[in-house]
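In what follows, a structure is listed as structure tokens, so that the remarks can point back to it.
The values are calculated or read from the model by the stated rules, or taken from the named source; none is laboratory data. Predicted model only: the values in this text are computed from it and were never measured. Cβ: placed from backbone, ideal geometry, glycine included. Neighbour counts: every protein chain shown. Side chains are part of the model used for accessible areas, which takes the heavy atoms of the whole protein and leaves out ligands, DNA and RNA. Shrake-Rupley method; radii C 1.70, N 1.55, O 1.52, S 1.80 Å.
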Amino acid sequence: MWRALVVLAVLAGQVLAAQAASATEPPAGRVALIGVPGLHWNDLTPDDTPNLWELARTSAVGSLSVRTVGSVTCPYDGWLTVSAGTRSASGYACGAPPLPQAGGEGAVIPGYRYLIDVAGQRSAGTLGETLRAAGRCSIAIGPGAALALADRHGAVARYHDSPLRVGTADLARCPLVAMDVDDLIRPYLTAEGAGAGARAGARAATGAGAGAATGAGAGAATGPGAGAGAATGPGAGAGAGTGAGGGAEVGEGGRLPRVPDKLSAADRRDALQLADAKAGALLSVLPAGTTVLLAGLSDHGSVPHLRVAAMRAPGTEGHLLGAASTHREDISILTDLTATVLSELGVPVPATVVGTPLRVGPAGATIADLRRDDATAQSIRSVKGVYFTVVAVLQVAFYLAAFLLLRRRRGLSPVRVAAVALAALPVSSYLVNLLPWTGLPQLVGGVLAWAAAVTAVAFAGPWRRRPLGPPAVVAGVTALTLAGDLLTGTTLQLNSVMGYGADVGARYYGLGNIPFALLATGTLLAATVIAHRWPGRAGVGAIVTLGAFAMVLGGSGLGSDFGGVIAFVPGIAVTALILSGRRVSLVKLGACCAAGGVTVMGFAWLNHLRPPSEQSHLGRFVGQVLTGEALDVIWRKLHAMLATLLSPNLMPIVIAAAAFLGYAILRPEQASAGVVPAAFEHSPALRAGLIGTLVSGVVGMLVNDSGAAVLSMALALAVPLLLATGIGALPAAGRSRPSVPGVGEQLAGVTK
């Protein structure tokens with residue numbers, strides 16, 4: 001009897017332990033990931049895509065940013081990123097995923113280890129390995145799905161080339177099924193550089209299987225990629241062009257086209273109908289209660305777009321779909337799919353996965369709104385290059401006109417107004433997002449109207465009579481606008497010509513590199529006005545206090561800016577040292593830069609200690625340092641920074657502003673009628689602030705991937721305001737004062 005009681009007690013303890021474990025572990029479910037590379041919200045209609053339309057109608061919906069490593073994402077890189085849980089690339093100008101070699105129930109991707117051993121994609125296979133270690137089986141349908149679910153040796157346990165070969169019984173065995181619906185993207189990949197035979201093979205493959213399209217089935221097997229030898233590279237989609245299925249050929253065949261949209265509207269509609277039929281074939285056999293994820297996993301041409309993201313689960317219909325990784329209620333990224341799949345299956349997400357589970361947001365989501373979001377992003381993209389070109393032309397023209405007029409002491413008032421208006425242009429590119437706009441005319445008109453309004457305020461009040469008055473208004477408005485934007489969710493920087501676009505995917509929240517340059521410059525110049533009014537310890541305290549506040553905004557979770565903090569610390573320190581009357585040496589400057597690095601790593605470490613779903617890229621960078629992936633990130637950013645040094649839009653601003661400033665200091669009478677010395681004489685604090693701004697701009701250029709953009713925008717704001725101050729100070733200094741040799745003239749022995 002005692003033995004029976006002991007056994008019952010042990011069994012009761014095991015039951016309680018199991019209940020406790022089930023209470024702490026996330027519940028396991030069923031997930032179906034349907035990837036349709038190239039799909040965006042404009043494609044879905046009730047008539048052309050009834051299956052996908054109904055899926056979206058009953059789901060939470062949002063926009064998916066598909067950027068991986070390059071500016072556009074091909075299907076290969078999209079699926080590989082889902083596999084790795086971090087932005088990944090095959091290493092070539094790629095196209096379609098490689099064609100798996102079937103064997104038994106499963107398949108193997110030829111040459112898969114190339115990705116890890118040669119291409120440096122060390123995280124490839126993370127999703128497959130994690131599922132295998134957790135004992136969760138999965139079914140892959142199509143080449144892209146096989147790539148996403150493969151382990152680190154390129155093997156998938158269960159593989160089918162068509163949803164027509166999968167039944168409800170198969171799906172009941174495994175909690176996860178992923179399907180590559182490549183019918184929409186395949187015509188794009190096979191159109192460029194393909195001959196008549198290749199195009200015919202593509203059409204045959206596209207039409208296979210009663211509209212459900214067998215993917216890499218018989219049509220693909222007849223192409224040059226059917227054999228194993230053709231797929232020995234990074235998946236035959238890049239070099240050998242085999243991944244496009246059915247007729248993709250060596251060379252250009254199988255790659256993304258170099259035009260925005262290769263297909264006509266009718267051809268794209270035909271491809272969409274085939275993709276919809278294949279998706280419908282899987283949806284019709286899914287077990288009840290399956291969470292369905294729909295994702296437009298790649299771009300389809302040379303222009304990035306926001307793609308479809310939808311999740312169907314109980315209670316999600318009509319809601320927005322976002323993620324903590326973007327801090328947006330309606331935007332997610334590719335790596336969020338990896339985290340979502342694992343979370344829905346009750347499997348812990350590895351620390352190397354940078355995405356977070358998709359998050360259902362508030363109700364009221366409409367497909368029309370998501371279409372407008374992409375249209376807004378495209379409007380910004382179309383005007384951004386022109387905008388920076390115009391800014392560069394205006395800057396160069398301004399310095400040329402100022403040089404010609406100031407040396408003759410003519411047009412001083414118009415030059416001062418033009419300088420203030422030019423400095424007001426950057427902040428106006430953010431203020432325009434305070435009001436809705438729907439097209440380029442409204443966008444351009446709004447920016448000009450805000451610039452005129454800021455300029456009018458600068459010259460409207462009693463402060464206009466003071467040399468520092470109008471410049472202080474512009475600097476203050478710039479700093480307050482960007483600080484307020486950080487405190488309210490960065491709605492002004494998103495989709496702005498001097499901010500970041502969701503379609504590009506470089507950043508979705510926080511402080512961008514160009515906004516950092518403007519925030520740092522505006523803060524330092526505004527603080528120097530306070531130091532000018534209250535010199536001594538009060539002024540130094542204002543510099544340190546305001547600078548530290550702006551730095552914390554940028555480096556904390558609100559700004560999530562890495563390089564900006566490194567650059568801002570020495571700018572603040574140099575300004576404070578000069579105002580304190582201390583000499584700035586190279587040793588002190590180096591120590592200040594080191595202090596900036598230590599400060600930002602402190603922010604990053606604190607962010608890393610938070611749960612993975614709450615980390616920004618600062619915290620994830622610490623994780624990349626610990627896993628050895630940080631060098632790849634640094635190397636990629638270094639390449640991006642060096643590329644900006646050749647920018648035809650950014651470098652003219654740097655060269656023109658630096659040349660004018662240098663010449664105005666060395667030969668003040670010849671360059672600017674003594675305007676710059678007059679500004680420094682009127683306000684030594686302004687001189688300290690300008691030097692601090694230059695230090696932050698140069699350091700920021702070296703440590704940010706935006707490179708020359710940081711320094712160019714710092715100069716675009718600071719130098720015109722410096723000239724405006726100098727012109728305002730000239731009457732106080734006396735227009736008929738004796739001419740004094742400049743520094744360069746003194747060194748050359750010139751007498752005046």
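Key figures for this structure:
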| item | result |
| --- | --- |
| Tally of residues being closer than 11 Å to Gly35 by Cα and assigned to a strand (DSSP E or B) across region 275-306 | 4 |
| Criterion (out of contact with any Gly (no Cβ under 8 Å at 6 or more places or on another chain) and closer than 28 Å to Gly547 by Cα) met by exactly one of Ser429, Ser382, Ser413, Ser496 | Ser496 |
| Single unsatisfied condition, Val347 versus (1) in a loop (DSSP other than H, G, I, E, B); (2) farther than 30 Å from Leu55 by Cβ | (2) |
| Of all residues in region 350-370 being outside any loop (DSSP other than H, G, I, E, B) and in contact (Cβ under 8 Å) with a residue 40 or more places away in the chain, the one that is farthest from the chain's Cα centre (by Cα) | Ala363 |
| Meets criteria (under 24 Å from Glu681 (Cβ atoms) and open to solvent by 20 Å² or more (accessible area, probe 1.4 Å)) for Ser382 | no |
| Subset tally (residues that are touching a Gly at 6+ places or on another chain (Cβ under 9 Å) and open to solvent by 40 Å² or more (accessible area, probe 1.4 Å)) for region 331-361 | 6 |
| Looking only at region 388-410, and only at residues there that are of a type outside the set (A, V, I, L, M) and open to solvent by less than 30 Å² (accessible area, probe 1.4 Å), the one that is nearest to Pro652 (Cα to Cα) | Gln395 |
| Some residue of region 558-573 being modelled with pLDDT under 85, of a type in the set (S, T, N, Q) and open to solvent by 10 Å² or more (accessible area, probe 1.4 Å) | no |
| Test: residue in region 267-285 that is at pLDDT 90 or above, under 30 Å from Ala363 (Cβ atoms) and open to solvent by 50 Å² or more (accessible area, probe 1.4 Å) | yes |
| Output for region 286-319, where each listed residue is out of contact with any helix residue (DSSP H, G or I) (no Cβ under 9 Å at 6 or more places or on another chain) and either surrounded by 24 or more Cβ atoms within 10 Å (Cβ to Cβ) or farther than 18 Å from Ala339 by Cβ (or both) | Ala288, Gly289, Ser302, Pro314, Gly315, His319 |
